[in-house]
Structures are given as structure tokens and as C-alpha cells.
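What follows is a set of notes on a single structure, which appears directly below.
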Amino acid sequence: MKEYSLFDIVGPNMIGPSSSHTAGACRLGYVAHKLARGKIQEVAFSLHGSFAATYRGHGTDKALLGGVLGLLPDDESLRDAFRLAEERGVKHSFVLTDLGAEQHPNTVRITVTKGDQQRMTMLGSSIGGGNIRITEIDGFNLVFTGEYPTLIIPHIDKPGVVGQVTSILGQRAVNIAFMRVYREHKGKNACMIIETDGAIRDAVLQEIRGIQNVTNATLVSIN
Amino acid sequence: MNFTKGEELLALCQVHKRGIHAVMLRREMELTELSEMSLSAKLRVSLDVMQRAVERGLTQDKKSVSGLLGGDAKKVSEHAEKTKAVCGSLMSKAVSRSMAVLEVNATMGKVVAAPTAGSSGIVPGVLLTLAEEFMLDDDALLKGLMTAGAIGLIITRNATVAGAEGGCQAETGSAAAMAAAAVVELMGGTPAMALHAAAICLQNVLGLVCDPIAGLVEVPCQHRNALGAANALVSAEMALAGVTSVVPFDEVVEAMYRVGRALPCELRETALGGLAGTPTGQRIKGELA
């Protein structure tokens, strides 16, 4: 069981009104911001369940958009997210949708279009108390929570790739707290999710990106 | 140093001859490997957010996004300044300040979830008022937040503080229990008295449902925060006088959890039952959709 800190109980410091519909929504947007890496031109939100039913009154729309713009849940600019988006020329749309009964009631699909017309799409849920769960990136099913600095490493399913990544982390004194590997087909597209205890420097990411059969490496760190 | 139950916390207090706040501080230092100084600095930021939220909520005239909330905290506070407050100056201030934080929360302002956003008014409302009335400094307030944190930790570990899981008793009830224990310690009561105060607080609201109109953290959340502040002060007063809870704190927490799980889902933050299900609640929901 998780050891709660004082600041989990008397905290988090957050913009209201709701930890799940505002703080959690902002964190989901922030993960999309991190995953997009680069100038965002347009973002589309598909809201499901309770997110769809009560998003305006809870400021879920502002929180999601603010997160995508790089704001954190305690940033007082969250309530001005629409104005900020306009200033930065980020187009945005909100669509109400039904993603299916198996999805958590507070679920959103975020599709980001970048300056170079590349797209990134993710699916995530706000699961209570501001905690979140990402369950899909670019059509790939996976799971992580953003509670730890998390490495997302799409790669080709070949022997030795995982070993090379973990030994780089070991050499750089990064401790792996949790790790999972997902793949679509043997020898084809796969993805590593590595949750770590400490911060990860950019140089380490570069090093991982240089490994043969590693397609990409992104660090998602919410703090 | 760690504890998951009130009984364990009390034993640690007795062995080390220290208050709940001191035990909580030691636990936090061990858990985070941070120094007392950096933890205090971090907690001071939270205290600052609380102070600013109270100040803003008592002065702003902003309506919430839904228009249901806004200006009521100021009303209570101004009324008490103009006339003699029915429930006395201290209680009246704690009530208006708890309400103030909920208004800031509903207008997308910054608050400290303590333990949740929906119950964020109670701990600051009570502690900041106590500090003002008894001239306690910020260091005392930080100790109060540590004590409050210890109580919240035990409830989180053994039950829940989420309205969706345990109803409003779990949210505003827990916040009130946290505040009550902090008041007892700050006023010189023993750790055992602090746990009695927390137990009494939770007992007083066993079964309280979570039924927010249109699912928003506004009505009746603000009034229940006001009640939570009062509950904390009333319970602390009794405990400081030596009144004890017949059922020990740990058992009350367990009872609260069981009651919460027994509540039908209509009464656990789904905005279907209780006040949300009344004709007025449904009408407002329709108007906001």
C-alpha cells in the first residue's frame, strides 16, 4: 500500500473546485503537453461520462486546456486558459462522446496536432483525488499514472533493447521503481513504460534515443 | 517511525513523550528524507495558500461558474461585525472563513485540499481563527497542520476521505476531525484528548450523505463546511474539558467506513439523490446543462 505523505492529506495545493474534475483534468492535459513535445497548433478533447456531463461547472475544460498549454494544477492562470490559448494561437475544441461503458466515468481522449502536422492522441482518466491513469497513446494500449517520473519508450520488439535501456539507467544511477513492456506483435511495435524514483536528465534521454531499435523516448514528469 | 491506527499513534506519543504533531513530523522526515527545515518551508507554502484563500473569500464578490455560490461568506462576516454574533465571535469567524475558502474553490481560485477540495474550508477556517483569537504564531499553525495531517492519514489509511466512496461524512467529517484534534493540541490538550475530539467529530456526522446539486462542489458543500468548522470547535471544547468518546477513535473510523459503504450510490457524489434529487436540485441541474 502506498505510504501517504503529510502533503497527500493536507494537500495538494490546487485550483478548485474539484480534485478529480479540475486538478486531475489539468494533469491529464499536462501529460498530453509533455507527450506532444513541440509547438501545439490544435487540440481536440473528447469528453466521456461525468466529464461530459459536468465539465463546464467544474472548469474541466479550462483545466484540460491549461494542462495542454503546460500549466500545473496549482497555477492560478488555469482559469484564463482560453485567453492563454488564444494568445498562443492554439485552436481547441470540446466534443461530448461515449467511449463505452468499460471506460472510467472521468475519461478524455486528447488529440494534439503539432506545427509539423504530426498528431499525438492519448486516452486518460481522472480516477479520484487528482490522480490519473493514462491507458492509450497513439492507439497503443498501456498503463501509467504519472505519479513517478515516467519514461515512455516506443521501440521494435527485438532482443537486447530492454537490456540496453535499463543498463543506461543503471549507469546513470536512475532507480527503476516499476517497469512494464507492451507489444502489438512479436518482433513488431512495442513500448516500454519505466517509472523511476529520481529525476532524469535530458542527456540520458538522448542516450536512450540513440539505441538501435528504439523509436523514441519521452519523459513525463509532473511536478 | 510510522503508524496506521490511532492506538499506534498514541503509543508513539507516550513512548517519546511528544505531541501528535511531533510524531507526524518525525514520520514525514523519515518518509521523505527531508530536513525539518525544508518540511516546514513546504508546509508554510500550504499555510500561505490557506491564508490567502480565506482573505480572498471574505472580500471578493465573485459568483461561481454556476452562479450558485458567491458573497455568502462576506455576508456572515459583515453581519457578525454589525451585530453580536449568535454563536459568538470565534465560532462566527470560523464559520465565515470556512465558507470563504469554498467560494474561492468554486471560482477556480487556489486552495489546499485538506483532505479534499470539497472540504477545504474547515481546517483553515478553524485554525486561522484560533490563531487570531489566541494570538498563536505561524509555527503553532504549522504544528496544527501536522496534527491535522496525522488524523487525516489514519482515516485515509483505514477508511476513506472521498465523498464518492464514503459520503460527506468522509469528507467534511474527516476535515472536522482533523481540525478538532489540531485545536486540542494547540490549546494544550493531550494526544489522547485530541483523538477523543476527532472521534466525537466523526460520530456527530455519521451517515451524512454526499448530494451536491448538479454534481458541483457548491451546494450544500459550503454550508457543510460551515457546520464542519462548528463541529470541530464543539468537539474540541468537549475533549479539552475531559469529555471522552465512549467508542475509541479507531472504531469510529471503521464505523464511518462501513456506514459509507452501506450508503446507496445515489447518495455518494452522483448528484442523483438527497438535495440533488429534489425538484429544485433537478431544475438547477437542467438549467445548467
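The values are calculated or read from the model by the stated rules, or taken from the named source; none is laboratory data. Quantities reported herein were computed from a predicted structural model and do not represent experimental measurements. All Cβ positions, even for glycine, are placed from backbone atoms using ideal geometry, and neighbour counts span all protein chains on display.
Check B:LEU145, B:LEU141 and return the single one that is touching a Leu at 6+ places or on another chain (Cβ under 8 Å) and either of a type in the set (Asp, Glu) or surrounded by fewer than 23 Cβ atoms within 10 Å (Cβ to Cβ) (or both). Explain how you work it out, then say what you get.
Numbers: B:LEU145 fails: either of a type in the set (Asp, Glu) or surrounded by fewer than 23 Cβ atoms within 10 Å (Cβ to Cβ) (or both).
Answer to the check: B:LEU141.
Considering segment A:105-223, the qualifying strands (runs of 3 or more DSSP E), each wholly inside and each with 2 or more residues that are more than 22 Å from A:THR22 (Cα to Cα), run over A:106-114, A:119-128, A:140-144, A:150-156, A:176-183, A:189-196, A:218-220. With respect to the conditions (1) at pLDDT below 95; (2) in contact with a helix residue (DSSP H, G or I) (Cβ under 9 Å, 6 or more places away or on another chain); (3) of a type outside the set (D, E, K, R), A:GLY139 falls short on a single one, namely (2). Among the numbered conditions (1) farther than 21 Å from A:THR150 by Cα; (2) in contact (Cβ under 8 Å) with a residue 60 or more places away in the chain; (3) within 14 Å of another protein chain (Cβ to nearest Cβ), the only one that A:GLY16 does not meet is (2). Give me the residue from segment B:36-54 that is in contact with a helix residue (DSSP H, G or I) (Cβ under 8 Å, 6 or more places away or on another chain) and either under 20 Å from B:CYS221 (Cβ atoms) or away from chain A (no Cβ under 14 Å) (or both) and, out of that set, surrounded by the fewest Cβ atoms within 10 Å (Cβ to Cβ). Once the filter is applied, the top-ranked residue is B:VAL54. Just one of (1) more than 9 Å from chain A (Cβ to nearest Cβ); (2) surrounded by 14 or more Cβ atoms within 10 Å (Cβ to Cβ); (3) farther than 15 Å from B:GLY152 by Cα fails for B:LEU9. It is (3). The set of residues in segment B:195-238 being among the polar types (S, T, N, Q) and either in contact with a His (Cβ under 6 Å, 6 or more places away or on another chain) or within 14 Å of chain A (Cβ to nearest Cβ) (or both) consists of B:GLN222, B:ASN225.
Specify which of the listed residues (A:GLU3, A:GLU42) is farther than 15 Å from A:GLY128 by Cβ and more than 7 Å from every other protein chain (Cβ to nearest Cβ). Step by step, each of A:GLU3, A:GLU42 is checked, and only A:GLU42 is farther than 15 Å from A:GLY128 by Cβ and more than 7 Å from every other protein chain (Cβ to nearest Cβ).
Here A:MET179, A:MET192 are screened, and the one residue that is in contact with a His (Cβ under 9 Å, 6 or more places away or on another chain), surrounded by 12 or more Cβ atoms within 10 Å (Cβ to Cβ) and either of a type outside the set (Phe, Trp, Tyr) or free of Cβ contacts under 8 Å to residues at least 40 places away in the same chain (or both) is A:MET192. Look at A:TYR30 and say whether it is among the hydroxyl-bearing types (Ser, Thr, Tyr), in contact with a Gly (Cβ under 6 Å, 6 or more places away or on another chain) and either assigned to a helix (DSSP H, G or I) or at the interface with chain B (Cβ under 7 Å from one of its Cβ atoms) (or both). For A:TYR30, the condition - among the hydroxyl-bearing types (Ser, Thr, Tyr), in contact with a Gly (Cβ under 6 Å, 6 or more places away or on another chain) and either assigned to a helix (DSSP H, G or I) or at the interface with chain B (Cβ under 7 Å from one of its Cβ atoms) (or both) - is met. The residue of segment A:45-64 that is farthest from the other protein chains (Cβ to nearest Cβ), among those that are buried (at least 24 other Cβ atoms within 10 Å of the Cβ) and outside any strand (DSSP E or B), is A:LEU64.
Check segment B:64-86 and report whether any residue there is out of contact with any helix residue (DSSP H, G or I) (no Cβ under 9 Å at 6 or more places or on another chain) and within 14 Å of another protein chain (Cβ to nearest Cβ). There is no residue in segment B:64-86 that is out of contact with any helix residue (DSSP H, G or I) (no Cβ under 9 Å at 6 or more places or on another chain) and within 14 Å of another protein chain (Cβ to nearest Cβ).
Taking the condition of being of a type in the set (Gly, Ala, Ser) and within 14 Å of chain B (Cβ to nearest Cβ), how many residues in segment A:68-92 meet it? Full working, then the answer.
Residues of segment A:68-92 that are of a type in the set (Gly, Ala, Ser), as a first pass: A:70, A:77, A:81, A:85, A:89.
So of that shortlist, the ones also within 14 Å of chain B (Cβ to nearest Cβ) come out as A:77, A:81.
Result for segment A:68-92: 2.
Scanning segment B:256-280 for residues that are assigned to a helix (DSSP H, G or I) and surrounded by fewer than 21 Cβ atoms within 10 Å (Cβ to Cβ) yields a count of 11. Just to be sure before I move on: is A:ARG27 in the same structural domain as A:ASP116 (by TED's automatic domain parsing), of a type outside the set (A, V, I, L, M, F, W, C) and surrounded by fewer than 22 Cβ atoms within 10 Å (Cβ to Cβ) in the structure I sent? Against the criterion (in the same structural domain as A:ASP116 (by TED's automatic domain parsing), of a type outside the set (A, V, I, L, M, F, W, C) and surrounded by fewer than 22 Cβ atoms within 10 Å (Cβ to Cβ)), A:ARG27 does not qualify.
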